[in-house]
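Heads up: the structure comes next, in structure tokens.
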Amino acid sequence: MDFNDTPQEAEFRKEVRSWLDANAPKHLEAELKRASFGSSGLTSEDPIKAGKAWQKKKADAGWACLHWPKEYGGGARTPIERVIWGQEEGVYSVLSGPFTIGHGMCGPTVMAWANEAWKEKLLPPLASGEEIWCQLFSEPASGSDLAGLRTRAVKADDGSGDWIINGQKIWTSGARNSDWGLLITRTDPDVPKHKGLTMFFLRMDSPGVKVVPIKQANGASGFNEVYFTDVRIPDSQRLGAVGEGWKVSLTTLMNERLSIGSGMSTGFPELFRFCMEAEVDGEPAVADSNVRSKLAQFAIKQSGLKYTGMRAISALSKGETPGPENSIGKLVAGATMQELAMFALDLQGESGVVWDEDSPQNGRFQAMLMRSPATRIEGGSDEILRNIIGERVLGLPGDIRVDKDVAFKDIPTSGKQKK
Amino acid sequence: MDFNDTPQEAEFRKEVRSWLDANAPKHLEAELKRASFGSSGLTSEDPIKAGKAWQKKKADAGWACLHWPKEYGGGARTPIERVIWGQEEGVYSVLSGPFTIGHGMCGPTVMAWANEAWKEKLLPPLASGEEIWCQLFSEPASGSDLAGLRTRAVKADDGSGDWIINGQKIWTSGARNSDWGLLITRTDPDVPKHKGLTMFFLRMDSPGVKVVPIKQANGASGFNEVYFTDVRIPDSQRLGAVGEGWKVSLTTLMNERLSIGSGMSTGFPELFRFCMEAEVDGEPAVADSNVRSKLAQFAIKQSGLKYTGMRAISALSKGETPGPENSIGKLVAGATMQELAMFALDLQGESGVVWDEDSPQNGRFQAMLMRSPATRIEGGSDEILRNIIGERVLGLPGDIRVDKDVAFKDIPTSGKQKK
Amino acid sequence: MNLDFSDEQNQLRDQVRRFLEERCPPKAVRAVLEGDANHDAALYGGLAELGVLGAAIPEEYGGVGLGHLELCVLAEELGRVLAPVPVASSIYLVAECLMQAGSEEQKSAWLPKLASGETIGCWAINEGSGRMQPSKISARFENGKLTGTKSPVADGAIADIAIVAAREGDGVSLVLVDLSAGGVSRENLNSVDPTRVQTRLRFEDAPATRIGGTGDGWHIATQVMDRAAILMGFEQLGGADRSLEMARDYALERMAFGRQIGSFQAIKHMLADMYVSATLARSNCYYGAWALATSAAELPVAAATVRVSATTAFQHCAKNNIQTHGGMGFTWEYDCHLYYRRSNALALALGSLSTWESLLIERMSAGNVEAAA
Amino acid sequence: MNLDFSDEQNQLRDQVRRFLEERCPPKAVRAVLEGDANHDAALYGGLAELGVLGAAIPEEYGGVGLGHLELCVLAEELGRVLAPVPVASSIYLVAECLMQAGSEEQKSAWLPKLASGETIGCWAINEGSGRMQPSKISARFENGKLTGTKSPVADGAIADIAIVAAREGDGVSLVLVDLSAGGVSRENLNSVDPTRVQTRLRFEDAPATRIGGTGDGWHIATQVMDRAAILMGFEQLGGADRSLEMARDYALERMAFGRQIGSFQAIKHMLADMYVSATLARSNCYYGAWALATSAAELPVAAATVRVSATTAFQHCAKNNIQTHGGMGFTWEYDCHLYYRRSNALALALGSLSTWESLLIERMSAGNVEAAA
């Protein structure tokens, strides 16, 4: 056991570091350090413009999309090299936020399912940041139950072979800035729900596409609703066979879960720093035994996630596939962050309610309080994650599925009728 | 809002108090105060003998089975009078422990389903404590899923009309001291599980009945296994129609849930007393902020259950039916007691592992630690209680039932075959 | 024994509930959340007319003279609908403080106006971050003048009078300030719950009169806050109950995987646990109501019990109401966040949960062991 | 980076696991639980032969000289099967103490015998109830003689030597006592986990030799217990993992309502949460193993991290293993209670959870803030 690089890793890290040293936009570093919860922290520059510039620079030097083959603009690096790059790129990786979904999910799906001509057309500008992609999956009535989606695609009756799309997507990150979208639709409501889906990609400036920002409970707007009214998509922009959309979507979702980090943050370092400065009954907060007990329980979650991430990196470093341990990350981090934010406000006493620049750490804990409920829901709710751990990691049986062999159109859509 | 008796209640309380003052076995009071977890605390006398004596005395004076009609040996008292009696009887009620199941569950079932002759024969000696009853419901393979029981009753082939019983019951309290048992059996495995059940009562000294004490995880033996080998029961000892056993059992189980107390104990008063005496870092434990935080959370559960019980009594006092609030009692008390015991041991430090007379409060917290897991299971596990609250109190839909319309014999009995 | 409200009290509840359903729908709460107004003045006036504000104020001071049990009932209803009005500041705290410790002159001058809603009071004790303690108070009261800064002050933006804790000589006194009399500046603060405005009040030689004796301020404030904690506990209880109802309704309506989501044990058991904490809070609140109405010796213990139980329950229910709603629960459009915001704001008003946990056990141990049983 | 055990270390794990499956089935644990023996002497001898006891003891002192990473691997395996042997007392504590602070003479005299299992050591620090502190030690060491009482002492009943914390002058020293040399009486204590015997040791002018300098006892003991906490953390991890496996197996096998009970979310999610706490504990334990093997500056923080995480995980998993088993889990016959007993016993050995929670934050705050990241 050690925390050291192998000689090859050390060599690679040196190379990365020297390139970054010469090329990173250092004038943005201070702003980027304030990034949190989907906000880039940038105020002096437009985040999209700054992101595109940085991505282009990386692409030109071969540092874009390290996990992609070179022929599509990628870096063809090993998993551990990607980890090292990520550690070194540090805060600057925030700049590439607008490309995360395209590089991590849409791109790999296109790579797996599109024909060569499309791949050559779509992937290089995605890798270099010239084009942005979004993922059009969730719908108002199908969140955890993604396959319950109802956005319809029907063949145009003009014999063109085109598809006409009507419906609504929701929780689409970055839809406003996207050039392309990966869209899953229902083409056949007469078969069970997983069987009637078909995947497409489309230009987001296609006629009939309307993007509406969602105002979130915390006042921010990171997500959008996307409405489709008679939107036309050529059949050539279909991915996989008609009715095979669920299988295609699994490529996307699997890639979502493959992303390796050094563990999600729980907010503990920030809380600990606060407790070093704050007081309880005239003593430093870290000397109070109630604070200590609660901090200790947060601390083992923070370090547990950190070292769980390192165990995954260790496996990559040895050329192995990481185990299922990383599946706990968001489950632990989300709930911990919410509890932790409440405790941080508790320690602030009556002033904890105030959320402004003068609040401890510029109101970070108030922001955590208001953002953490979403963390427990987005990208798989706590309940879905426990099901995944129970079923895929521990091998327990699935839930009873009442909608398994039912035609989609016959699945009830509201509980009201059942009362 | 007040905690006072109405004038009538005060009058009744006076009457009870003066009778108890003249008749209660005061020489046993000190021993009875040590009662815990199904142990009567008695060492100077045989608990069964002492219990029978006290029950007989009460019956002779009209204080037995206050909720039963007088014709069967009961007291025909109002619910609030029963509560007052219970408050005044205090520790002496421990003596009637061996009759709890008979008076609370078996008796009411007999009353609802037996013919008049049987009622006159069975109920008065049960009320007066001359005969003890037990309830033969749970089986090794059917705990939470009671209706999945497999003890078979088949008609004797000699034309007598008698039934022949084979099978095994488990978790039977008091089976060793019982004269009679209330027995639920399966008479038809070819229909769905709830439909093939039939209820009987039988003498526990019937040939072929064998009682084996269960050694529990905490070393005690409050429960038994009861084996039936070709046990013969006359058809006249059937309760309800053949195949109607589930309906009969609901009478029993409903009566189980009707019992009103002043809230189950969580162990908080004992822990608080300990924390008044113990020290943490040279200060009284109650001055330590971690201890305070944990105690406060235990305290609100203790008082919450206490006043929940009082709200139920208030409803009774006004002649109303208490609401569903009391359903939370065991769920809260069981989990709280387990956590609380762990914390009490924590405060004892390395000595917490020692479980003997010299341990704080004679090892009460060690006993709680070892007994509380059973509290979270017996008489409805935490999971079953949450289902009950969710479904019966909040009106949420039931779980999906895969065994509903399946012949009992076709319901799978082991998950191994499914792997 | 009767640990329940009377039929008359429940009739009052029904009446106020109907009134609030009409006059305080979520839209009214959102108007304050999103608009420029710092409270719903029309609603406040309506509550005054209905006699809600004066419920526990004696008739001789312009109140209705019902009592504190009735005020508990009303508080629960206000909490259910997140009423964006300064009842807690003006009635639970300021009017209560005047009734407990005000001079005859102070009571005659202000209680009728507080009861009629003509005057709004605010409670300005806190200074700075962390647990409030007498030693942290640096505002000064000298020669009838007050100087210092109080923050955050709930409803400070809309108040006409303030009760302020200030250093006088070696001790802390409570003083009453007419905010229109000069020497006062106000600054609104952003908060996690904009439906209840928070303000920074600055006093510079503002004229003030003492409430109670010199140096009695902390003692009086503690008594008043104990009483307010019980009333606010009923507000929290109302919020917890409503959060549970919202979650249950959604769990019955929303389908996933072809089933009502309430049929999944993950949701069903989460709701059951919400019911458990709300039920414990209700029973503890009733105990508190009894102690408040009878000024029982157990009032300090009961107040802390209510506070810990109701805070825990409202935070628990509001948080899991969002979780039950999934993504919808995190939209601005759904009302879940209104309850989440309020649950966290009320958890801090009057001092935080850990402060009251500590107080509860300190008070229990100062009494006798029997208190714990 | 490599936060994992090596192939060789995993081979060692496989070898020991096979050995323990054969030599330490639940029956062997029950033999100690129910019988008169205070440990499984044959198993202990087998572990000595296999080199388990001497794994981290240098070859010059009769050990195998592998190292502490290997000892961590072995500890996890011992924890999985609840091995009823005094490895923690004799190896993690006594041998470790001698290696850290023993004189050349002490090391030569005892380490080979500890490695061979010929001698069993016990760690006799505690006196009385509550958190251990230097001020609570009243045993005295004077003129080479020890007088006092230590309780509870794990494995005191079967030990040949003891390391005892005793007052010497103004400070606390550690002394080594040959328990066969007279002046010692022993009394067995009932405990929540009879598979690991607890004893009261009384010393009356028992001959003893000091380990380390006069007054260095508390400092040395703290260092040794930090190291032992990491090794014991691996035992707890093994126990947590095995509890989870038992629960999962039962959830797959046991049917209710026509379904495997593991298909109910109540059970499935309970098991998922057990997996979460066991996984956090494993990752924290690996961090601890690295700190132990490298004697890193972070060792004190790592030790407390391991201790808090592994204690929490084992208690959580053992408790919910019983709950998953329902009534069967509460029978003497099923093995669930063996793990529940051990989880609670190990939670107290070396000092309780709240003590280590406090230590963890005290140590983090003594270091720099970066330690928390």
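The values are calculated or read from the model by the stated rules, or taken from the named source; none is laboratory data. Keep in mind the model is a prediction, meaning the values are calculated, not measured. A quick note on method: Cβ atoms are made from the backbone with ideal geometry, for glycine too, and the neighbour counts reach across all protein chains shown. Each accessible area value is taken on the protein alone, full model and side chains, heavy atoms only, with ligands, DNA and RNA left out. Shrake-Rupley method; radii C 1.70, N 1.55, O 1.52, S 1.80 Å.
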Query raised in the report: Among the candidates C:ASP205, C:ASP241, which residue alone is modelled with pLDDT of 95 or more and at positive phi?
Result: C:ASP205
Query raised in the report: So is D:LEU3 at pLDDT below 95 and either buried (at least 18 other Cβ atoms within 10 Å of the Cβ) or on the phi > 0 side of the Ramachandran plot (or both) or not?
Result: yes
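I'd like to know if the range C:325-340 contains one or more residues that are more than 30 Å from A:PRO213 (Cα to Cα) and either at the interface with another protein chain (Cβ under 7 Å from one of its Cβ atoms) or modelled with pLDDT of 95 or more (or both). Show your work before the answer.
Let us first name the residues in the range C:325-340 that are more than 30 Å from A:PRO213 (Cα to Cα), namely none.
Scanning the range C:325-340, I find no residue that is more than 30 Å from A:PRO213 (Cα to Cα) and either at the interface with another protein chain (Cβ under 7 Å from one of its Cβ atoms) or modelled with pLDDT of 95 or more (or both), so the answer is no.
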Query raised in the report: Which one of these does A:SER249 not meet: (1) surrounded by fewer than 19 Cβ atoms within 10 Å (Cβ to Cβ); (2) part of a helix (DSSP H, G or I)?
Result: (1)
Report summary line: Taking the range A:142-188 and keeping residues of a type in the set (A, V, I, L, M, F, W, C) and over 18 Å from A:LEU250 (Cβ atoms) leaves A:ALA153, A:VAL154, A:ALA156, A:TRP163, A:ILE164, A:ILE165, A:ILE170, A:TRP171, A:ALA175, A:TRP180
Report task. Please work out which one of (1) assigned to a loop (DSSP other than H, G, I, E, B); (2) of a type in the set (S, T, N, Q); (3) open to solvent by 30 Å² or more (accessible area, probe 1.4 Å) is the condition B:THR229 fails and give its number. Result -> (1)
Query raised in the report: Which one of these is assigned to a helix (DSSP H, G or I) and open to solvent by 20 Å² or more (accessible area, probe 1.4 Å): D:ALA109, D:ALA181?
Result: D:ALA109
Requested in this report: Just give me the residues in the range C:259-274 being of a type outside the set (A, V, I, L, M), closer than 21 Å to A:GLY415 by Cα and assigned to a helix (DSSP H, G or I), in sequence order.
Outcome: C:GLY262, C:SER263, C:GLN265, C:LYS268, C:HIS269
Query raised in the report: If you go through the range C:187-198, how many residues are at the interface with another protein chain (Cβ under 10 Å from one of its Cβ atoms) and open to solvent by less than 10 Å² (accessible area, probe 1.4 Å)?
Result: 2
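Which residues, taken from the range B:165-185, are of a type in the set (D, E, K, R) and either modelled with pLDDT under 95 or assigned to a helix (DSSP H, G or I) (or both)?
Passing the criteria: only B:ARG176.
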Query raised in the report: If we keep just the residues of the range A:77-128 that are open to solvent by 20 Å² or more (accessible area, probe 1.4 Å) and touching a strand residue (DSSP E or B) at 6+ places or on another chain (Cβ under 6 Å), which is farthest from A:TYR227 (Cα to Cα)?
Result: A:TRP113
Query raised in the report: Looking at D:SER129, is it in a strand (DSSP E or B), buried (at least 17 other Cβ atoms within 10 Å of the Cβ), in contact with a helix residue (DSSP H, G or I) (Cβ under 9 Å, 6 or more places away or on another chain) and not charged (D, E, K, R)?
Result: no
Query - Scan of the range B:275-311 for residues that are more than 9 Å from chain C (Cβ to nearest Cβ) and part of a helix (DSSP H, G or I), ordered by number - result: B:GLU277, B:ALA285, B:ASN290, B:PHE298
Report task. Check whether at least one residue in the range C:146-161 is assigned to a loop (DSSP other than H, G, I, E, B) and more than 16 Å from C:ASN38 (Cα to Cα), and report yes or no. Result -> no
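In the list D:ALA247, D:ALA229, which residue meets the criterion of being assigned to a helix (DSSP H, G or I), among the small types (Gly, Ala, Ser) and more than 25 Å from D:GLN9 (Cβ to Cβ)?
Sole residue among the options that is assigned to a helix (DSSP H, G or I), among the small types (Gly, Ala, Ser) and more than 25 Å from D:GLN9 (Cβ to Cβ): D:ALA247.
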Query raised in the report: Only one of (1) more than 8 Å from chain B (Cβ to nearest Cβ); (2) within 28 Å of B:ALA287 (Cβ to Cβ); (3) in a helix (DSSP H, G or I) fails for C:ALA296. Which number is that?
Result: (3)
Query raised in the report: Taking B:LYS70, is it closer than 23 Å to B:ALA114 by Cβ and open to solvent by 40 Å² or more (accessible area, probe 1.4 Å)?
Result: yes
Requested in this report: From the list C:PRO194, C:PRO207, pick out the single residue that is touching a helix residue (DSSP H, G or I) at 6+ places or on another chain (Cβ under 7 Å) and outside any helix (DSSP H, G or I).
Outcome: C:PRO194
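Can you tell me which residue within the range C:248-275, out of those that are more than 13 Å from chain A (Cβ to nearest Cβ) and touching a His at 6+ places or on another chain (Cβ under 9 Å), is most open to solvent (accessible area, probe 1.4 Å)?
Within the range C:248-275, the first condition is being more than 13 Å from chain A (Cβ to nearest Cβ), and the residues that meet it are C:272-275.
With touching a His at 6+ places or on another chain (Cβ under 9 Å) added as a condition, the list becomes C:273-274.
Numbers: C:ASP273: 52, C:MET274: 0 Å².
Residue satisfying both the conditions and the ranking: C:ASP273.
Matching residues to (1) small (Gly, Ala, Ser); (2) open to solvent by 30 Å² or more (accessible area, probe 1.4 Å); (3) touching a residue at least 24 places away in the same chain (Cβ under 8 Å):
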{"residue": "C:VAL16", "(1), (2), (3)": "no, no, yes"}
{"residue": "C:ARG23", "(1), (2), (3)": "no, yes, no"}
{"residue": "C:VAL32", "(1), (2), (3)": "no, no, yes"}
{"residue": "C:LEU50", "(1), (2), (3)": "no, yes, yes"}
{"residue": "C:GLU60", "(1), (2), (3)": "no, yes, no"}
{"residue": "C:GLU76", "(1), (2), (3)": "no, no, yes"}
{"residue": "C:PRO84", "(1), (2), (3)": "no, no, yes"}
{"residue": "C:SER89", "(1), (2), (3)": "yes, no, yes"}
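Within the range B:262-271, does at least one residue satisfy the condition of being under 28 Å from the mean Cα position of the chain (by Cα) and farther than 30 Å from B:ILE80 by Cβ? Before you say what the answer is, go through the steps one by one.
Residues of the range B:262-271 that are under 28 Å from the mean Cα position of the chain (by Cα), as a first pass: B:262-271.
Of the ones still in play, those that are also farther than 30 Å from B:ILE80 by Cβ are B:271.
There is at least one residue in the range B:262-271 that is under 28 Å from the mean Cα position of the chain (by Cα) and farther than 30 Å from B:ILE80 by Cβ.
Just to be sure, is C:ALA366 farther than 28 Å from C:PRO84 by Cβ, more than 10 Å from every other protein chain (Cβ to nearest Cβ) and modelled with pLDDT under 95?
Working: farther than 28 Å from C:PRO84 by Cβ: yes; more than 10 Å from every other protein chain (Cβ to nearest Cβ): no; modelled with pLDDT under 95: yes.
Here the answer is no, as C:ALA366 does not meet what is asked.
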**Report entry** Candidates C:ILE230, C:ILE220 - the one that is crowded, with 24+ Cβ neighbours inside 10 Å and modelled with pLDDT of 95 or more
**Finding:** C:ILE230
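Within the range B:129-148, work out how many residues are over 30 Å from D:ALA256 (Cα atoms) and open to solvent by 10 Å² or more (accessible area, probe 1.4 Å). Steps first, please.
Going residue by residue through the range B:129-148, those that are over 30 Å from D:ALA256 (Cα atoms) are B:129-132.
Pick out the ones that are also open to solvent by 10 Å² or more (accessible area, probe 1.4 Å) and you get B:130-131.
Result for the range B:129-148: 2.
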Requested in this report: Might you check whether a residue that is part of a helix (DSSP H, G or I), within 30 Å of C:GLY288 (Cα to Cα) and at pLDDT below 90 occurs anywhere in the range B:86-107?
Outcome: no
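Would you say D:ILE361 is more than 20 Å from the chain's Cα centre (by Cα), open to solvent by less than 30 Å² (accessible area, probe 1.4 Å), closer than 26 Å to B:ALA344 by Cβ and within 8 Å of chain A (Cβ to nearest Cβ)?
Details: more than 20 Å from the chain's Cα centre (by Cα): yes; open to solvent by less than 30 Å² (accessible area, probe 1.4 Å): yes; closer than 26 Å to B:ALA344 by Cβ: yes; within 8 Å of chain A (Cβ to nearest Cβ): yes.
In short, yes.
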Report summary line: Within the range A:3-53, of all residues that are of a type in the set (Asp, Glu) and outside any helix (DSSP H, G or I), the one least open to solvent (accessible area, probe 1.4 Å) is A:ASP5
Query raised in the report: What residue, among those in the range A:351-383 that are in contact with a strand residue (DSSP E or B) (Cβ under 9 Å, 6 or more places away or on another chain) and acidic (Asp, Glu), is nearest to the other protein chains (Cβ to nearest Cβ)?
Result: A:ASP356
